[in-house]
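Here's the structure we're looking at; comments come further down.
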Amino acid sequence: MLVLALVAVFLPHASASDPAALADQFVSRVAMESKIPGLAVGVVKNGTTVFARGYGVKFYGGEDSVDEHTMFQMGSCTKTFIAMGLAHFVGIGAITWDTTVHNITKGRFNASVEYLTANMNVGDLLSHRTGYGDHDGDLLWALGDVETETDLVEKRVPFLQPTKSLRQLFMYSNIGYEVATITLEALAGEPWYTFVQQRFLDPLDMGSTVPGLPAVTSKQAPRVSGGHKGVPGPEYKSTTDTPLIDSFDLNHPLTPSLTGGISNGFLGAGSMLSSASDYCKWMAYLLNSSRWSSPTAVMEAEAGQMIIPQAWATAFMGLGIEQPGNAMAAGFGFDVVGDLFHGERFFTKGGDSLFHQTRTGMLPGSGIAAVVFANMESYPTSSYYVNGIRNALLQIFSGTDMSTVEADWSKLEMEIREVKDLMQGMPTVESVVPLRADKNVTITSKAYHGQLLITKHQVDQVVAATATEGLPPKGVATNLTGSFRDGYAGLLQVSSLSDNRLVVHYGCLWCVLAALPDEPGDVFLCPNGTRHTAMFPGFTPFVYNHGADAWQFGGLSFSRAGQRRARVLEGLSKSKEWRSSLTQSPYMSLSST
């Protein structure tokens, strides 16, 4: 930290009349403190990009620098493109926000509850008020055997049970946006990514923006940033704040994917990539409703449509919200809308992929917008830095005095210090993976609320060991084998090897199970499988329930006669050693344990 302090002291003093210089100085300093390998930022003011720059490197330890043209996965910011596509059809009078999905899809969409089928409308989907539970159903598109987005909506969603009544409560739903995606395709008469390309990307000259990794060209591939996951190591000290960082090449076919269950790799809920330079063009477009076929439709999308919890708003604001009486709401395609940014009208959309983070903020009254891309996910302090940089950029280009900017940043720094102290205080645990012939593997890591904070190297170590020495089930393996189904999640196949060990195959997941003899019943680890199992980068528990003749994992239950989805993991011990190690973000809540 002393080196960082010296850097800050000797940076050239920026003139108060030069917001770009002030912003560069601030972001340079904070980016170094964040330990994020690379960031890219952009600012739009009155329709013009006034600041776009990169900081750090594309790969941890590498030399290839991030710049304003570096491409990042935007995650759920893809949803704004879907919402604005639907806003186009509202604008031309083809539909209204209240038109039902069942009507638009000509009966192809049918929910598990008749009332939802008859009444769920476009606005419900875009503001997360469908009644589907928070992140319910995500496992299927991330990992399963769904094949296409159309199959997901038309064949599987009819088995997905809502957890609340329609319009009762805000609950973030990727599945809701997949329904919205198919709704857009029904109106456009073409795939959503073709429509988005022709309606938005081409006219705005967004040449560094693509609908998903499969669309990245050979020319664009070198511009795609590497991805990173960070964890505090067993010897973590808050004073040095040195994370253990794993790097991933997103262009490599064996790199984990967020869309493993979708055959073409395109997901309307979150597969797009963009650059800071390109995204500035998009934000300028969003702020200028006069450029749309119907300004009213855009303004309605950017208005509050569904009340949200304060904790949700706070997670994306990066500052305290102390304005009682000002509604905090979700818009159509936006996470938070309200007079919340120091009393000014504000709306934001953020996104997380497995390895990247995106945060945006727009101040329509000032005509200013900012975006921050970061190439590291999961490290507990990262989102604080990303939100803080976004907020500072909005303030600096609004003319806020730097003393105020720094004062606000110091408040966020206090929260960051608390998180660092929390990481230092996390227990260090030794987890033993039982193997044959007493060749047990022990890994040492921090643990947080039962999650092991482990590295890719540690996962690889366990994968290699269990591949040859993993334990078979306690009984006869063939009693546990066969085809198991769930109406929503699909087909899970279990077979046995000649040494009595079990192999599980579900969608893009394939792995040899390793039994845990000390757990009650038949509990197994799926240490790793194909490239997509970074959804579960640690040790995924699989449970065979003898009474139900069903396999259970990830909150799903697959039975030989599987008819409906069951949210049960009752037979699994809540042992801290074997819970999924995926650190949760507001957009990625895939673990049900």
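The values are calculated or read from the model by the stated rules, or taken from the named source; none is laboratory data. It should be emphasised that the depicted structure is a prediction, and the values quoted were computed from it without experimental measurement. So basically every Cβ, Gly included, is an ideal-geometry build from the backbone, and we count neighbours across all protein chains shown. SASA here: full protein model, heavy atoms, side chains in, ligands and nucleic acids out. Shrake-Rupley method; radii C 1.70, N 1.55, O 1.52, S 1.80 Å.
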Carbon/sulfur fraction of accessible area - the chain, other protein chains in place, 1.4 Å, %: 52
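Restricting to DSSP H runs of at least four residues, report the calculated mean residue ellipticity at 222 nm for the chain, -39500 (n - 2.57) per run over all residues, nearest 500 deg cm²/dmol. Before the final figure, lay out each step's value.
On the way: 15 runs with 161 residues, N = 593.
My calculation for the chain gives -8000 deg cm²/dmol from helical runs alone.
Give me Rg/Rg_expected for the stretch 198-338, where Rg uses Cα atoms only and Rg_expected = 2.2 N^0.38 Å with N residues. Write down the numbers at each step before the final one.
Details: Rg = 19.3 Å, N = 141, 2.2 N^0.38 = 14.4 Å.
Compactness ratio reported: 1.34.
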Note down the magnitude of the dipole of the chain about its Cα centre, charges +1 on Lys and Arg C-beta and -1 on Asp and Glu C-beta and zero elsewhere, to the nearest 20 debye. 600
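Please go through the residue pairs LYS106/LYS155; LYS35/LYS219; LYS35/LYS446 and name each one whose alpha carbons sit more than 26 Å apart in this structure.
Too far apart for the 26 Å limit: LYS35/LYS219.
Got the relative contact order for the chain handy, in percent, Cα pairs under 8 Å and 6 or more residues apart?
Working: 1344 pairs, mean separation 96.0, N = 593.
Reported relative contact order: 16 percent.
Quick check: net charge around SER238, other residues with Cβ under 14 Å of its Cβ, Lys/Arg +1 and Asp/Glu -1? Write down the numbers at each step before the final one.
Numbers: positive: LYS35, LYS237, ARG417, LYS420, LYS446; negative: GLU33, GLU235, ASP241, GLU413, GLU415, GLU418, ASP421.
So the environment of SER238 carries a net charge of -2.
For a quick protection proxy, order the peptides 442-455, 407-420, 92-105 by their average other-Cβ count within 10 Å, most packed first. Walk me through the numbers on the way to the answer.
Values: 442-455: 19.1, 407-420: 14.9, 92-105: 16.5.
In descending order of packing, they fall as 442-455, 92-105, 407-420.
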Using only the alpha-carbon atoms, what does the stretch 270-385 span along each of its principal axes? Please give whole angstrom values in decreasing order. 39, 35, 23
May I ask which of LYS237/LYS411; LYS229/LYS349; LYS164/LYS281; LYS58/LYS439; LYS58/LYS349 have a Cα-Cα span longer than 28 Å here? LYS164/LYS281; LYS58/LYS439
What are the principal axis extents of the Cα atoms in the stretch 337-399, in Å, biggest first? 34, 20, 16
With the dipole of the chain defined by +1 on each Lys or Arg Cβ and -1 on each Asp or Glu Cβ, the option from GLY338, SER208, HIS546 whose Cα lies farthest towards the positive pole is HIS546
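By its C-alpha gyration tensor, with a ≥ b ≥ c as the square roots of the eigenvalues, how is the stretch 116-197 shaped: rounded for a/c under 1.5, else prolate for a/b larger than b/c, else oblate?
Values: a/c = 1.86, a/b = 1.28, b/c = 1.46.
Cα axes put the stretch 116-197 in the oblate bin.
Counting alpha carbon pairs within less than 8 Å and at least 6 residues apart, what relative contact order, in whole percent, applies to the stretch 451-509? Let's see the in-between values first.
Values: 55 pairs, mean separation 15.3, N = 59.
Over the stretch 451-509, the number comes to 26 percent.
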So with the 1.4 Å probe, I'd like the accessible area per residue for the chain, rounded to whole Å². 37
Percent breakdown of C-alpha pair distances by 20 Å bin, ordered from the shortest bin, for the chain: 21, 54, 24, 2
